Amino acid sequence: MAMNILLSSIYPVSVVLPKTLEALISSLTAAEKYKINSALAHIRALSEPGLGTEPILNPETSFRGYCLAWQRGLEKEVTAAARLTLQRPMTMESLGEELRLFTGPALWKLLQYRRICLKAVKSNQKWITQQVYKLWEGNSNLRCRQHLAECGPRWFEEFLSRGTENGIQALDHTLFHRAMAQHIEAGRQNGAECEFCTTMSSSQVHSILRTLDKSITSALRKDLGLFYFVTSPLQNRIPFGGRKDPVTTEFGAPFKNDDADVILRSSDYKTFRVHKAFLAISSPFFFTMFSIPQPTECAGSAAPQTGSQIDELPVVFMSENSTTLNTILTMIYPHVPIVLPPSFWEAAPVLKALQKYEMDNLITLARTLLQAPDSSVDSIAAIRTFAVASELGFEREALWAARCTLRYPMTFELYGESIRYCMGSALYDLLQYRARCRTAVQACIQAAAAGSAKSIQFRSIPSWLVDHLRTIIEKINSGTTPPSAETAVLWTSFRSLIKSHCQGTRGCDACMALYFQGGDSFCDELQNETRAAIKEIPLKIA
(Lines give C-alpha, C1' and ligand atoms only; values in the text may rest on other atoms or scores of the structure.)
Protein backbone atom coordinates (compact mmCIF):
# COMPACT_ATOMS: atom_id res chain seq x y z
CA MET A 1 0.00 0.00 0.00
CA ALA A 2 2.81 2.43 0.89
CA MET A 3 4.56 1.88 -2.46
CA ASN A 4 1.24 2.24 -4.30
CA ILE A 5 0.65 5.63 -2.66
CA LEU A 6 4.26 6.64 -3.31
CA LEU A 7 4.28 5.71 -7.00
CA SER A 8 0.87 7.27 -7.67
CA SER A 9 2.27 10.58 -6.40
CA ILE A 10 5.12 10.37 -8.97
CA TYR A 11 3.51 9.01 -12.12
CA PRO A 12 0.70 10.77 -14.08
CA VAL A 13 -1.99 8.39 -12.81
CA SER A 14 -4.91 8.68 -10.43
CA VAL A 15 -3.57 9.63 -7.03
CA VAL A 16 -4.06 7.05 -4.29
CA LEU A 17 -4.79 8.76 -0.98
CA PRO A 18 -3.71 7.14 2.29
CA LYS A 19 -6.84 6.06 4.15
CA THR A 20 -5.30 5.19 7.51
CA LEU A 21 -2.72 6.75 9.77
CA GLU A 22 -0.45 3.72 9.33
CA ALA A 23 -0.64 4.03 5.52
CA LEU A 24 0.19 7.74 5.69
CA ILE A 25 3.22 7.22 7.95
CA SER A 26 4.44 4.23 5.89
CA SER A 27 4.25 6.15 2.61
CA LEU A 28 6.06 9.16 4.10
CA THR A 29 8.73 6.85 5.51
CA ALA A 30 9.26 5.26 2.09
CA ALA A 31 9.50 8.68 0.42
CA GLU A 32 12.10 9.81 2.96
CA LYS A 33 14.03 6.55 2.72
CA TYR A 34 14.42 6.82 -1.05
CA LYS A 35 14.79 10.63 -0.88
CA ILE A 36 11.89 11.29 -3.27
CA ASN A 37 11.30 14.85 -2.12
CA SER A 38 8.58 15.60 -4.65
CA ALA A 39 6.54 12.60 -3.47
CA LEU A 40 7.17 13.58 0.14
CA ALA A 41 5.79 17.08 -0.42
CA HIS A 42 2.90 15.74 -2.51
CA ILE A 43 1.76 13.20 0.12
CA ARG A 44 2.01 15.80 2.87
CA ALA A 45 -0.04 18.26 0.82
CA LEU A 46 -2.73 15.64 0.18
CA SER A 47 -2.91 14.92 3.90
CA GLU A 48 -3.54 18.54 4.85
CA PRO A 49 -7.07 19.65 5.78
CA GLY A 50 -9.10 21.40 3.12
CA LEU A 51 -9.88 18.53 0.73
CA GLY A 52 -13.41 18.17 2.02
CA THR A 53 -12.57 15.28 4.32
CA GLU A 54 -11.31 15.04 7.88
CA PRO A 55 -7.47 14.91 7.85
CA ILE A 56 -6.01 11.57 8.92
CA LEU A 57 -3.75 13.26 11.46
CA ASN A 58 -6.17 15.07 13.74
CA PRO A 59 -6.60 15.63 17.49
CA GLU A 60 -8.24 12.22 17.94
CA THR A 61 -5.34 10.39 16.24
CA SER A 62 -2.63 12.77 17.46
CA PHE A 63 -1.08 10.58 20.17
CA ARG A 64 -0.97 7.51 17.93
CA GLY A 65 0.36 9.60 15.04
CA TYR A 66 3.04 11.09 17.29
CA CYS A 67 4.26 7.63 18.34
CA LEU A 68 4.26 6.21 14.81
CA ALA A 69 6.08 9.25 13.43
CA TRP A 70 8.63 9.11 16.27
CA GLN A 71 9.35 5.44 15.54
CA ARG A 72 9.96 6.24 11.85
CA GLY A 73 11.98 9.41 12.47
CA LEU A 74 9.51 11.74 10.70
CA GLU A 75 10.26 14.92 12.62
CA LYS A 76 7.81 17.12 10.72
CA GLU A 77 4.94 14.76 11.49
CA VAL A 78 6.15 14.38 15.10
CA THR A 79 5.95 18.16 15.55
CA ALA A 80 2.56 18.40 13.83
CA ALA A 81 1.12 15.57 15.93
CA ALA A 82 2.55 17.06 19.13
CA ARG A 83 0.83 20.35 18.33
CA LEU A 84 -2.47 18.53 17.81
CA THR A 85 -2.18 16.76 21.18
CA LEU A 86 -2.48 20.17 22.83
CA GLN A 87 -6.22 19.97 22.20
CA ARG A 88 -6.48 16.87 24.37
CA PRO A 89 -5.79 16.22 28.06
CA MET A 90 -2.75 14.07 28.81
CA THR A 91 -2.84 12.01 31.99
CA MET A 92 -2.11 8.32 32.60
CA GLU A 93 -5.83 7.60 32.80
CA SER A 94 -6.83 9.67 29.75
CA LEU A 95 -4.19 8.01 27.56
CA GLY A 96 -5.23 4.51 28.59
CA GLU A 97 -4.14 1.91 26.03
CA GLU A 98 -2.41 4.59 23.95
CA LEU A 99 0.30 4.55 26.63
CA ARG A 100 1.50 1.26 25.17
CA LEU A 101 2.59 2.99 21.97
CA PHE A 102 5.14 5.26 23.64
CA THR A 103 8.82 4.76 24.24
CA GLY A 104 10.22 6.44 27.34
CA PRO A 105 12.15 9.18 25.45
CA ALA A 106 9.18 9.93 23.16
CA LEU A 107 6.81 10.26 26.13
CA TRP A 108 9.21 12.48 28.08
CA LYS A 109 9.83 14.75 25.08
CA LEU A 110 6.11 15.23 24.48
CA LEU A 111 5.55 16.05 28.15
CA GLN A 112 8.31 18.68 27.97
CA TYR A 113 6.79 20.17 24.82
CA ARG A 114 3.30 20.34 26.30
CA ARG A 115 4.59 21.85 29.54
CA ILE A 116 6.32 24.66 27.64
CA CYS A 117 3.25 25.26 25.46
CA LEU A 118 0.85 25.39 28.42
CA LYS A 119 3.17 27.75 30.23
CA ALA A 120 3.40 29.94 27.13
CA VAL A 121 -0.38 30.26 26.82
CA LYS A 122 -0.84 30.95 30.53
CA SER A 123 1.90 33.59 30.65
CA ASN A 124 0.57 35.25 27.47
CA GLN A 125 -3.12 34.86 28.27
CA LYS A 126 -3.71 38.57 28.77
CA TRP A 127 -1.98 39.39 25.47
CA ILE A 128 -3.98 36.69 23.62
CA THR A 129 -7.22 38.02 25.07
CA GLN A 130 -6.32 41.57 24.04
CA GLN A 131 -5.77 40.46 20.43
CA VAL A 132 -9.29 39.03 20.28
CA TYR A 133 -10.61 42.04 22.22
CA LYS A 134 -9.39 44.33 19.42
CA LEU A 135 -11.79 42.50 17.11
CA TRP A 136 -14.69 43.00 19.53
CA GLU A 137 -13.66 46.63 20.16
CA GLY A 138 -13.58 47.48 16.47
CA ASN A 139 -16.97 46.00 15.67
CA SER A 140 -20.01 47.14 17.64
CA ASN A 141 -21.95 44.18 16.22
CA LEU A 142 -19.72 41.88 18.28
CA ARG A 143 -20.40 43.61 21.59
CA CYS A 144 -21.57 40.87 23.93
CA ARG A 145 -23.88 41.66 26.86
CA GLN A 146 -21.07 40.44 29.17
CA HIS A 147 -18.48 42.69 27.48
CA LEU A 148 -15.70 43.75 29.87
CA ALA A 149 -13.17 46.53 29.33
CA GLU A 150 -9.88 45.34 27.76
CA CYS A 151 -10.79 41.65 27.77
CA GLY A 152 -14.02 41.17 25.84
CA PRO A 153 -16.90 38.96 27.06
CA ARG A 154 -16.62 37.34 30.48
CA TRP A 155 -17.56 33.93 29.10
CA PHE A 156 -14.68 34.12 26.64
CA GLU A 157 -12.26 35.05 29.43
CA GLU A 158 -13.43 32.06 31.48
CA PHE A 159 -13.20 29.77 28.44
CA LEU A 160 -9.60 30.76 27.78
CA SER A 161 -8.62 30.33 31.46
CA ARG A 162 -10.30 26.94 31.73
CA GLY A 163 -8.64 25.76 28.55
CA THR A 164 -5.08 25.80 29.88
CA GLU A 165 -5.44 23.36 32.77
CA ASN A 166 -4.54 20.17 30.91
CA GLY A 167 -4.29 20.87 27.22
CA ILE A 168 -4.81 24.10 25.30
CA GLN A 169 -8.50 23.58 24.74
CA ALA A 170 -8.81 27.08 23.27
CA LEU A 171 -7.41 25.53 20.08
CA ASP A 172 -10.48 23.28 19.88
CA HIS A 173 -13.16 25.17 17.96
CA THR A 174 -15.84 22.75 19.11
CA LEU A 175 -15.22 23.73 22.74
CA PHE A 176 -15.41 27.41 21.77
CA HIS A 177 -18.83 26.88 20.18
CA ARG A 178 -19.96 24.92 23.26
CA ALA A 179 -18.85 27.71 25.62
CA MET A 180 -20.68 30.32 23.57
CA ALA A 181 -23.81 28.14 23.39
CA GLN A 182 -23.78 27.72 27.17
CA HIS A 183 -23.49 31.51 27.55
CA ILE A 184 -26.49 32.06 25.23
CA GLU A 185 -28.58 29.38 26.98
CA ALA A 186 -27.77 30.80 30.42
CA GLY A 187 -28.95 34.22 29.22
CA ARG A 188 -32.23 32.77 27.97
CA GLN A 189 -32.90 31.01 31.27
CA ASN A 190 -32.22 34.24 33.19
CA GLY A 191 -34.45 36.28 30.89
CA ALA A 192 -31.49 38.32 29.59
CA GLU A 193 -30.65 36.76 26.24
CA CYS A 194 -27.49 38.08 24.60
CA GLU A 195 -28.74 39.33 21.23
CA PHE A 196 -25.25 39.94 19.90
CA CYS A 197 -23.92 36.41 20.46
CA THR A 198 -27.24 34.92 19.34
CA THR A 199 -27.22 36.77 16.00
CA MET A 200 -23.49 36.45 15.35
CA SER A 201 -22.87 35.27 11.77
CA SER A 202 -20.63 32.33 10.87
CA SER A 203 -18.13 34.69 9.23
CA GLN A 204 -17.87 36.73 12.43
CA VAL A 205 -17.32 33.58 14.50
CA HIS A 206 -14.71 32.42 12.00
CA SER A 207 -12.96 35.77 12.30
CA ILE A 208 -12.79 35.43 16.09
CA LEU A 209 -11.47 31.86 15.90
CA ARG A 210 -8.87 32.78 13.28
CA THR A 211 -7.63 35.63 15.47
CA LEU A 212 -7.55 33.33 18.50
CA ASP A 213 -5.54 30.65 16.64
CA LYS A 214 -3.06 33.21 15.30
CA SER A 215 -2.58 34.74 18.75
CA ILE A 216 -1.94 31.37 20.41
CA THR A 217 0.43 30.34 17.60
CA SER A 218 2.38 33.58 18.04
CA ALA A 219 2.61 33.02 21.79
CA LEU A 220 3.87 29.47 21.31
CA ARG A 221 6.40 30.49 18.68
CA LYS A 222 7.75 33.20 20.97
CA ASP A 223 8.17 30.91 24.00
CA LEU A 224 9.21 27.64 22.34
CA GLY A 225 12.37 29.21 20.95
CA LEU A 226 14.88 26.49 20.01
CA PHE A 227 12.74 23.59 21.22
CA TYR A 228 12.73 20.78 18.67
CA PHE A 229 12.16 17.05 18.53
CA VAL A 230 15.09 14.69 17.97
CA THR A 231 13.85 11.31 16.80
CA SER A 232 17.04 9.81 15.35
CA PRO A 233 19.75 8.35 17.62
CA LEU A 234 22.34 9.59 15.11
CA GLN A 235 21.41 13.18 15.90
CA ASN A 236 22.16 12.63 19.57
CA ARG A 237 25.71 11.55 18.82
CA ILE A 238 28.35 14.09 19.82
CA PRO A 239 31.44 13.85 17.57
CA PHE A 240 34.94 13.99 18.96
CA GLY A 241 36.79 17.24 18.36
CA GLY A 242 38.42 17.39 14.93
CA ARG A 243 39.78 14.11 13.53
CA LYS A 244 41.76 13.21 16.61
CA ASP A 245 40.97 9.75 18.03
CA PRO A 246 40.24 9.50 21.76
CA VAL A 247 43.09 8.29 23.96
CA THR A 248 42.84 4.72 25.26
CA THR A 249 43.98 4.27 28.86
CA GLU A 250 44.25 1.31 31.22
CA PHE A 251 41.58 0.86 33.87
CA GLY A 252 44.21 -0.43 36.26
CA ALA A 253 44.03 -2.77 39.25
CA PRO A 254 42.62 -5.28 39.81
CA PHE A 255 42.33 -5.85 36.04
CA LYS A 256 45.88 -5.21 34.99
CA ASN A 257 47.09 -8.79 34.98
CA ASP A 258 50.54 -9.49 33.55
CA ASP A 259 49.47 -12.99 32.53
CA ALA A 260 46.29 -11.78 30.78
CA ASP A 261 45.54 -13.28 27.36
CA VAL A 262 42.82 -10.88 26.19
CA ILE A 263 41.98 -7.18 26.52
CA LEU A 264 38.44 -5.79 26.88
CA ARG A 265 38.07 -2.19 25.80
CA SER A 266 35.08 -0.26 27.12
CA SER A 267 33.00 2.32 25.26
CA ASP A 268 34.79 5.09 27.16
CA TYR A 269 38.19 3.74 26.01
CA LYS A 270 39.38 2.00 29.16
CA THR A 271 41.21 -1.32 28.78
CA PHE A 272 40.89 -4.34 31.08
CA ARG A 273 43.60 -7.04 30.90
CA VAL A 274 41.76 -10.23 31.78
CA HIS A 275 41.73 -13.99 31.15
CA LYS A 276 39.71 -15.78 28.48
CA ALA A 277 39.10 -18.76 30.78
CA PHE A 278 37.20 -16.69 33.37
CA LEU A 279 35.06 -15.03 30.68
CA ALA A 280 34.36 -18.29 28.82
CA ILE A 281 33.30 -20.22 31.91
CA SER A 282 30.92 -17.40 32.93
CA SER A 283 29.34 -16.73 29.55
CA PRO A 284 28.32 -18.94 26.58
CA PHE A 285 28.68 -15.78 24.48
CA PHE A 286 32.39 -15.46 25.26
CA PHE A 287 32.90 -19.22 25.13
CA THR A 288 31.67 -19.21 21.54
CA MET A 289 33.65 -16.09 20.68
CA PHE A 290 36.94 -17.52 21.89
CA SER A 291 36.23 -20.89 20.21
CA ILE A 292 36.10 -19.25 16.77
CA PRO A 293 39.34 -18.02 15.14
CA GLN A 294 39.35 -14.22 15.24
CA PRO A 295 40.73 -11.93 12.47
CA THR A 296 43.87 -9.97 13.26
CA GLU A 297 42.43 -6.72 11.88
CA CYS A 298 39.19 -4.88 12.76
CA ALA A 299 37.87 -4.70 9.23
CA GLY A 300 34.96 -2.30 9.03
CA SER A 301 35.01 -1.58 12.77
CA ALA A 302 33.80 1.81 13.88
CA ALA A 303 36.25 1.73 16.80
CA PRO A 304 39.20 4.13 16.55
CA GLN A 305 41.82 1.37 16.97
CA THR A 306 43.85 0.58 13.83
CA GLY A 307 44.21 -3.09 14.72
CA SER A 308 42.71 -5.71 17.01
CA GLN A 309 45.77 -6.17 19.16
CA ILE A 310 47.54 -4.26 21.93
CA ASP A 311 50.89 -5.63 23.11
CA GLU A 312 50.20 -8.70 20.97
CA LEU A 313 47.01 -9.41 22.93
CA PRO A 314 43.64 -9.58 21.13
CA VAL A 315 41.26 -6.71 21.89
CA VAL A 316 37.49 -7.16 22.27
CA PHE A 317 35.59 -3.92 21.74
CA MET A 318 32.72 -3.72 24.25
CA SER A 319 29.67 -1.45 24.06
CA GLU A 320 29.50 -1.11 27.87
CA ASN A 321 31.32 1.64 29.74
CA SER A 322 34.14 1.03 32.20
CA THR A 323 31.92 1.25 35.31
CA THR A 324 29.63 -1.50 34.01
CA LEU A 325 32.53 -3.70 32.88
CA ASN A 326 34.27 -3.31 36.23
CA THR A 327 31.12 -4.44 38.05
CA ILE A 328 30.72 -7.50 35.81
CA LEU A 329 34.38 -8.49 36.15
CA THR A 330 34.27 -8.21 39.96
CA MET A 331 31.41 -10.71 39.85
CA ILE A 332 33.40 -13.06 37.59
CA TYR A 333 36.74 -13.05 39.42
CA PRO A 334 36.48 -14.99 42.72
CA HIS A 335 39.29 -13.15 44.53
CA VAL A 336 37.99 -9.63 43.79
CA PRO A 337 35.38 -7.93 46.06
CA ILE A 338 32.11 -7.43 44.20
CA VAL A 339 31.31 -3.80 43.40
CA LEU A 340 27.58 -3.19 42.82
CA PRO A 341 25.56 0.01 42.42
CA PRO A 342 23.62 0.97 45.57
CA SER A 343 20.15 0.29 44.13
CA PHE A 344 18.40 -2.04 41.71
CA TRP A 345 17.50 0.64 39.16
CA GLU A 346 21.04 2.06 39.17
CA ALA A 347 22.30 -1.43 38.32
CA ALA A 348 20.23 -1.50 35.11
CA PRO A 349 23.25 -1.28 32.72
CA VAL A 350 24.91 -4.19 34.56
CA LEU A 351 21.78 -6.37 34.51
CA LYS A 352 21.19 -5.66 30.81
CA ALA A 353 24.80 -6.58 29.99
CA LEU A 354 24.54 -9.80 31.99
CA GLN A 355 21.45 -10.75 29.98
CA LYS A 356 23.17 -9.80 26.74
CA TYR A 357 26.17 -12.04 27.45
CA GLU A 358 23.96 -14.88 28.77
CA MET A 359 25.52 -14.82 32.25
CA ASP A 360 22.56 -16.48 33.96
CA ASN A 361 24.40 -17.43 37.17
CA LEU A 362 25.62 -13.87 37.60
CA ILE A 363 22.10 -12.53 36.99
CA THR A 364 20.86 -14.70 39.87
CA LEU A 365 23.74 -13.46 42.04
CA ALA A 366 23.06 -9.81 41.19
CA ARG A 367 19.33 -10.13 41.88
CA THR A 368 20.11 -11.72 45.25
CA LEU A 369 22.61 -9.02 46.22
CA LEU A 370 20.24 -6.28 45.00
CA GLN A 371 17.22 -7.82 46.69
CA ALA A 372 14.57 -5.26 47.51
CA PRO A 373 14.54 -4.04 51.11
CA ASP A 374 11.62 -4.79 53.41
CA SER A 375 10.76 -1.13 53.73
CA SER A 376 9.19 0.94 50.98
CA VAL A 377 11.02 3.51 48.86
CA ASP A 378 10.12 6.90 47.45
CA SER A 379 8.08 7.31 44.29
CA ILE A 380 11.06 7.96 41.98
CA ALA A 381 13.02 4.89 43.10
CA ALA A 382 9.84 2.79 42.90
CA ILE A 383 8.99 3.76 39.30
CA ARG A 384 12.58 3.41 38.10
CA THR A 385 12.88 -0.01 39.72
CA PHE A 386 9.60 -1.01 38.12
CA ALA A 387 10.78 0.25 34.71
CA VAL A 388 14.03 -1.75 34.85
CA ALA A 389 12.41 -4.90 36.21
CA SER A 390 9.66 -4.79 33.57
CA GLU A 391 12.14 -4.34 30.74
CA LEU A 392 14.27 -7.24 31.95
CA GLY A 393 11.28 -9.46 32.73
CA PHE A 394 12.07 -9.73 36.46
CA GLU A 395 8.58 -10.34 37.83
CA ARG A 396 9.55 -10.50 41.52
CA GLU A 397 11.24 -7.10 41.51
CA ALA A 398 8.55 -5.58 39.29
CA LEU A 399 5.79 -6.70 41.66
CA TRP A 400 7.63 -5.32 44.71
CA ALA A 401 8.17 -1.97 42.97
CA ALA A 402 4.55 -1.87 41.78
CA ARG A 403 3.35 -2.33 45.36
CA CYS A 404 5.64 0.50 46.47
CA THR A 405 4.06 2.85 43.91
CA LEU A 406 0.63 2.27 45.47
CA ARG A 407 1.49 4.71 48.27
CA TYR A 408 1.77 7.58 45.81
CA PRO A 409 -0.38 9.11 43.05
CA MET A 410 0.43 7.94 39.53
CA THR A 411 1.01 11.16 37.62
CA PHE A 412 3.49 12.45 35.07
CA GLU A 413 4.23 15.42 37.34
CA LEU A 414 5.27 13.18 40.24
CA TYR A 415 7.50 10.88 38.17
CA GLY A 416 9.15 13.76 36.32
CA GLU A 417 12.22 12.86 34.25
CA SER A 418 12.01 9.22 35.41
CA ILE A 419 9.37 8.82 32.68
CA ARG A 420 12.08 8.78 30.01
CA TYR A 421 13.42 5.48 31.41
CA CYS A 422 10.04 3.74 31.44
CA MET A 423 8.37 2.22 28.39
CA GLY A 424 4.76 3.21 27.85
CA SER A 425 3.74 -0.46 27.87
CA ALA A 426 5.19 -0.83 31.38
CA LEU A 427 3.27 2.25 32.56
CA TYR A 428 0.08 0.77 31.11
CA ASP A 429 0.70 -2.53 32.95
CA LEU A 430 1.23 -0.57 36.17
CA LEU A 431 -1.95 1.43 35.54
CA GLN A 432 -3.94 -1.80 35.16
CA TYR A 433 -2.35 -3.28 38.28
CA ARG A 434 -3.27 -0.20 40.31
CA ALA A 435 -6.85 -0.41 39.05
CA ARG A 436 -7.11 -4.01 40.32
CA CYS A 437 -5.57 -3.00 43.66
CA ARG A 438 -7.99 -0.08 43.92
CA THR A 439 -10.90 -2.47 43.52
CA ALA A 440 -9.47 -4.82 46.19
CA VAL A 441 -8.88 -2.01 48.70
CA GLN A 442 -12.38 -0.62 48.14
CA ALA A 443 -13.85 -4.10 48.70
CA CYS A 444 -12.04 -4.41 52.04
CA ILE A 445 -13.22 -1.04 53.26
CA GLN A 446 -16.74 -1.70 51.93
CA ALA A 447 -16.81 -4.93 53.94
CA ALA A 448 -15.82 -2.97 57.05
CA ALA A 449 -18.56 -0.43 56.36
CA ALA A 450 -21.07 -3.28 56.05
CA GLY A 451 -19.89 -4.75 59.36
CA SER A 452 -18.68 -8.02 57.83
CA ALA A 453 -14.92 -7.47 58.19
CA LYS A 454 -12.88 -9.22 60.89
CA SER A 455 -11.60 -5.85 62.06
CA ILE A 456 -15.08 -4.71 63.14
CA GLN A 457 -15.39 -4.95 66.94
CA PHE A 458 -18.89 -3.43 67.26
CA ARG A 459 -22.16 -5.26 67.83
CA SER A 460 -23.71 -2.81 65.40
CA ILE A 461 -21.45 -0.60 63.32
CA PRO A 462 -21.92 3.10 64.21
CA SER A 463 -23.08 5.54 61.55
CA TRP A 464 -20.10 7.89 62.02
CA LEU A 465 -17.74 5.05 61.11
CA VAL A 466 -19.83 4.03 58.10
CA ASP A 467 -19.71 7.62 56.81
CA HIS A 468 -15.96 7.77 57.36
CA LEU A 469 -15.31 4.51 55.49
CA ARG A 470 -17.57 5.54 52.61
CA THR A 471 -15.63 8.80 52.32
CA ILE A 472 -12.41 6.79 52.03
CA ILE A 473 -13.95 4.68 49.26
CA GLU A 474 -14.98 7.81 47.35
CA LYS A 475 -11.48 9.30 47.67
CA ILE A 476 -9.83 6.10 46.43
CA ASN A 477 -12.25 5.92 43.51
CA SER A 478 -11.57 9.54 42.51
CA GLY A 479 -7.80 9.10 42.83
CA THR A 480 -7.49 11.58 45.71
CA THR A 481 -6.25 8.78 47.99
CA PRO A 482 -3.74 6.24 46.57
CA PRO A 483 -4.88 2.58 46.80
CA SER A 484 -2.59 1.31 49.58
CA ALA A 485 -3.24 0.10 53.09
CA GLU A 486 -1.04 2.83 54.57
CA THR A 487 -2.76 5.74 52.81
CA ALA A 488 -6.34 4.44 52.90
CA VAL A 489 -6.50 3.49 56.58
CA LEU A 490 -5.03 6.17 58.84
CA TRP A 491 -5.13 5.82 62.64
CA THR A 492 -4.82 9.59 63.13
CA SER A 493 -8.04 10.36 61.24
CA PHE A 494 -9.86 7.46 62.92
CA ARG A 495 -8.78 8.61 66.39
CA SER A 496 -9.90 12.16 65.67
CA LEU A 497 -13.32 10.94 64.53
CA ILE A 498 -13.94 8.62 67.47
CA LYS A 499 -12.84 11.31 69.92
CA SER A 500 -15.18 13.84 68.33
CA HIS A 501 -18.01 11.31 68.41
CA CYS A 502 -17.51 10.48 72.08
CA GLN A 503 -17.38 14.14 73.05
CA GLY A 504 -20.49 14.90 71.02
CA THR A 505 -22.55 12.09 72.55
CA ARG A 506 -21.26 12.81 76.09
CA GLY A 507 -20.34 9.24 76.70
CA CYS A 508 -20.88 6.45 74.18
CA ASP A 509 -19.83 3.37 76.17
CA ALA A 510 -18.97 1.10 73.21
CA CYS A 511 -16.95 3.73 71.37
CA MET A 512 -15.31 5.05 74.56
CA ALA A 513 -14.18 1.53 75.44
CA LEU A 514 -12.77 1.04 71.97
CA TYR A 515 -10.94 4.37 72.22
CA PHE A 516 -9.41 3.84 75.65
CA GLN A 517 -8.63 0.12 75.22
CA GLY A 518 -6.46 0.72 72.18
CA GLY A 519 -8.66 1.75 69.28
CA ASP A 520 -5.67 1.53 66.99
CA SER A 521 -6.23 -2.24 66.82
CA PHE A 522 -9.19 -1.58 64.51
CA CYS A 523 -6.96 0.31 62.04
CA ASP A 524 -4.20 -2.30 62.34
CA GLU A 525 -6.61 -5.12 61.56
CA LEU A 526 -8.14 -3.27 58.62
CA GLN A 527 -4.69 -2.43 57.25
CA ASN A 528 -3.64 -6.08 57.55
CA GLU A 529 -6.78 -7.21 55.71
CA THR A 530 -6.11 -4.63 53.00
CA ARG A 531 -2.45 -5.68 52.63
CA ALA A 532 -3.50 -9.32 52.37
CA ALA A 533 -5.98 -8.43 49.62
CA ILE A 534 -3.30 -6.49 47.69
CA LYS A 535 -0.89 -9.45 47.93
CA GLU A 536 -3.43 -11.55 46.07
CA ILE A 537 -3.42 -9.17 43.09
CA PRO A 538 -1.16 -10.40 40.24
CA LEU A 539 1.01 -8.16 38.11
CA LYS A 540 0.81 -8.89 34.40
CA ILE A 541 3.91 -7.76 32.48
CA ALA A 542 3.57 -7.55 28.70
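The values are calculated or read from the model by the stated rules, or taken from the named source; none is laboratory data. What you see is a predicted model; the values in this text were computed from it and never measured. Every residue, glycine among them, receives a Cβ derived from its backbone with ideal geometry; neighbour counts consider all protein chains shown. Heavy atoms of the whole protein, side chains included, go into the accessibility calculation; ligands, DNA and RNA do not. Shrake-Rupley method; radii C 1.70, N 1.55, O 1.52, S 1.80 Å.
So, with +1 on the Cβ of K and R and -1 on the Cβ of D and E, and no other charges, what is the size of the charge dipole of the stretch 50-132 about its Cα centre, to the nearest 20 debye?
Once rounded to the nearest 20, the dipole reads 420 debye.
Could you calculate the FRET efficiency of Gln182 with Trp464 from 1/(1 + (r/R0)^6), where r is the beta carbon distance between them and R0 is 56 Å, rounded to 0.05?
0.90
By what distance, in whole Å, do the Cα atoms of the stretch 362-441 stretch along each of the three principal axes, largest value first?
Principal-axis extents of the stretch 362-441 (Cα, largest first): 36, 29, 21 Å.
Give the peptides 334-342, 280-288, 248-256 in descending order of average Cβ contacts within 10 Å, highest first.
So the peptides 334-342, 280-288, 248-256, ranked by packing, come out 280-288, 248-256, 334-342.
May I ask you to compute the full-extension gain from Lys356 to Asp213, defined as 0.36 nm times their residue separation minus their alpha-carbon distance, rounded to one decimal in nm?
Here the answer is 46.4 nm.
Tell me, what is the per residue accessible area of the stretch 363-437 in Å², probe radius 1.4 Å?
41 Å²
How large is the direction-averaged shadow of the alpha-carbon convex hull of the stretch 402-443, in nm²?
2.9 nm²
At 1.4 Å probe size, with no ligands or nucleic acids counted, give the accessible surface of Arg407 in Å², nearest ten.
100 Å²
Kindly sort Tyr34, Tyr113 by accessible area of their heavy atoms, largest first, with the probe set to 1.4 Å.
The most accessible residue leads, giving Tyr34, Tyr113.
When only the heavy atoms of the protein chains count and the probe is 1.4 Å, how do His468, His177 rank by accessible area, highest first?
Ranked from most to least accessible, the order is His177, His468.
Which far-off residues, 5 or more places away or on another chain, put their amide H under 5 Å from the one on Glu250, with H placed in the peptide plane?
It is Thr271, by chain and number.
Per residue of the stretch 109-118, what does 6.51 cos²θ - 1.76 cosθ + 1.60 with θ = phi - 60° give for ³J(HN,Hα)? Whole Hz please, x for Gly and Pro, Karplus curve as stated.
5, 5, 4, 4, 4, 5, 4, 5, 5, 5
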